[in-house]
Amino acid sequence: MASNVQWWCSAQGTRWTWNWRAYPGIWLVALAIAGGYWAAVRGGPDTPSARRRRAIGWAGVVLAWLSLDWPLGPLATGYLASAHALQFLLLTMVVSPLILVGLAPGLAARPEPAGWWWRVLRVLTSPLVAAIIFNIIAGATHVPAVVDGFMVSQLGSFALDLSWIVAGLALWWPIVMSRPARQFPVPFKLLYLFLATLIHSGIAVVMLFAEFPIYGIYQLAPPMRGLTPMTDLQIAGGIMELGGLVVVFGVMTGLFFTWANRSAADDGA
């Protein structure tokens, strides 16, 4: 690059320091996400519940920015597989559902569009297709050749980050959103969420039981004090497994008890 400005995080091959570094491209994307979210929720219902949900969505927007920016962003792209795993979980399992929670009331209150793009969205957010999208992206973006090839360029790193957000939105849409119009019984949602997220356990098992570092970019990165590439990879596997389980089973538990309490109330009515 002609200037010394790096627009997006990518593997630089330089020793890590805790000196802050600016990533203007990340700020622009974060502003675009915030602007899109604001445009989507403005004019929606003004009930206390809707306001709480919009605030949850704004928390997701802020967390998206923090997940991409310094220090987690550069650590994930060129230094630590564990930071890479944490960033993946945050963007797919936390940021995406939080944003959808904020969008849900406004979308549900609007008339359902009739354009072709809405019909495409209906297909893409159907449970089977959504699960396939999530699994393909999650699996492909953890293949060593993909990680090692994409992380060395700003465009490649940006593509991986964006794909994780897309994968997360696809995964959580059938759980959180009621549009395009469809209603699924809670037991179906529980089964869907369990089966659709098994991929993260598979990735975690590969990391935990690997006999040597599987990602060249992290193995050859300037060493981090007190952390070998193998230890880092095992920590990444633990984050993928335990972090994913906490989120998935936490949501499943909440869905189950909400459904059980509602069923009991209906029976007692």
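The values are calculated or read from the model by the stated rules, or taken from the named source; none is laboratory data. Everything numeric in this text was worked out from a predicted model, so none of it was measured. Note: ideal-geometry Cβ built from the backbone for every residue, glycine included; neighbour counts use all protein chains shown.
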_Test: Leu190 is surrounded by 13 or more Cβ atoms within 10 Å (Cβ to Cβ), part of a helix (DSSP H, G or I), modelled with pLDDT of 95 or more and not β-branched (Val, Ile, Thr)_ = no
*Kindly provide the set of residues from the range 135-161 that are in contact (Cβ under 8 Å) with a residue 40 or more places away in the chain, part of a helix (DSSP H, G or I) and closer than 15 Å to His84 by Cβ, ordered by number.*
Ala138, Gly139, Pro144, Val147, Asp148, Gly156, Ser157, Phe158, Asp161
*Given the conditions (1) under 21 Å from Leu90 (Cα atoms); (2) part of a helix (DSSP H, G or I), report the number of the one that Ser49 does not fulfil.*
(1)
*Conditions (1) part of a loop (DSSP other than H, G, I, E, B); (2) more than 30 Å from Ser153 (Cβ to Cβ): number failed by Arg21*: (2)
*asked:* Six or more apart or on different chains, Cβ atoms under 6 Å: show the pairs whose first residue is in the range 236-247 and closer than 13 Å to His142 by Cβ and in contact (Cβ under 8 Å) with a residue 40 or more places away in the chain and whose second is β-branched (Val, Ile, Thr) and buried (at least 19 other Cβ atoms within 10 Å of the Cβ).
replied: Met240/Ile203
*asked:* Against the condition modelled with pLDDT of 95 or more and either small (Gly, Ala, Ser) or surrounded by 15 or more Cβ atoms within 10 Å (Cβ to Cβ) (or both), how does Pro105 come out, does it pass?
replied: no
*Please give the number of the condition His200 fails out of (1) out of contact with any Asp or Glu (no Cβ under 8 Å at 6 or more places or on another chain); (2) over 28 Å from Ala32 (Cα atoms); (3) in a helix (DSSP H, G or I).*
(1)
*Filtered residue count, the range 70-123, keeping only those that are of a type outside the set (Ser, Thr, Tyr) and closer than 26 Å to Trp18 by Cα*: 21
*Among (1) closer than 15 Å to Arg42 by Cα; (2) surrounded by 14 or more Cβ atoms within 10 Å (Cβ to Cβ); (3) not β-branched (Val, Ile, Thr), which single condition is Arg110 missing?*
(2)
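Every residue, every condition in (1) surrounded by fewer than 15 Cβ atoms within 10 Å (Cβ to Cβ); (2) within 21 Å of the chain's Cα centre (by Cα), yes or no:
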position: Trp18; (1), (2): yes, no
position: Tyr23; (1), (2): no, yes
position: Trp27; (1), (2): yes, yes
position: Gly35; (1), (2): yes, yes
position: Ala39; (1), (2): yes, no
position: Gly43; (1), (2): yes, no
position: Ser67; (1), (2): no, yes
position: Leu75; (1), (2): no, yes
position: Leu89; (1), (2): no, yes
*Quick one: which of Leu80, Leu63, Leu124 is in contact with a Phe, Trp or Tyr (Cβ under 9 Å, 6 or more places away or on another chain), among the hydrophobic types (A, V, I, L, M, F, W, C) and more than 22 Å from Pro229 (Cβ to Cβ)?*
Leu124
*Report yes if some residue within the range 118-125 is in a helix (DSSP H, G or I), free of Cβ contacts under 8 Å to residues at least 60 places away in the same chain and under 15 Å from the mean Cα position of the chain (by Cα); otherwise report no.*
no
*Quick one: is Leu90 in contact with a Ser or Thr (Cβ under 6 Å, 6 or more places away or on another chain) and either among the small types (Gly, Ala, Ser) or assigned to a helix (DSSP H, G or I) (or both)?*
yes
*Being in contact with a Leu (Cβ under 8 Å, 6 or more places away or on another chain), within 22 Å of Gly36 (Cβ to Cβ), surrounded by 15 or more Cβ atoms within 10 Å (Cβ to Cβ) and among the charged types (D, E, K, R), is that true of even one residue in the range 168-185?*
yes
*Of the residues Ala55, Ala40, Ala59, Ala85, which is in contact with a helix residue (DSSP H, G or I) (Cβ under 9 Å, 6 or more places away or on another chain) and either at pLDDT below 95 or part of a loop (DSSP other than H, G, I, E, B) (or both)?*
Ala40
*Of the residues that sit in the range 205-259 and are within 19 Å of Val146 (Cα to Cα) and assigned to a loop (DSSP other than H, G, I, E, B), which one is nearest to the chain's Cα centre (by Cα)?*
Tyr215
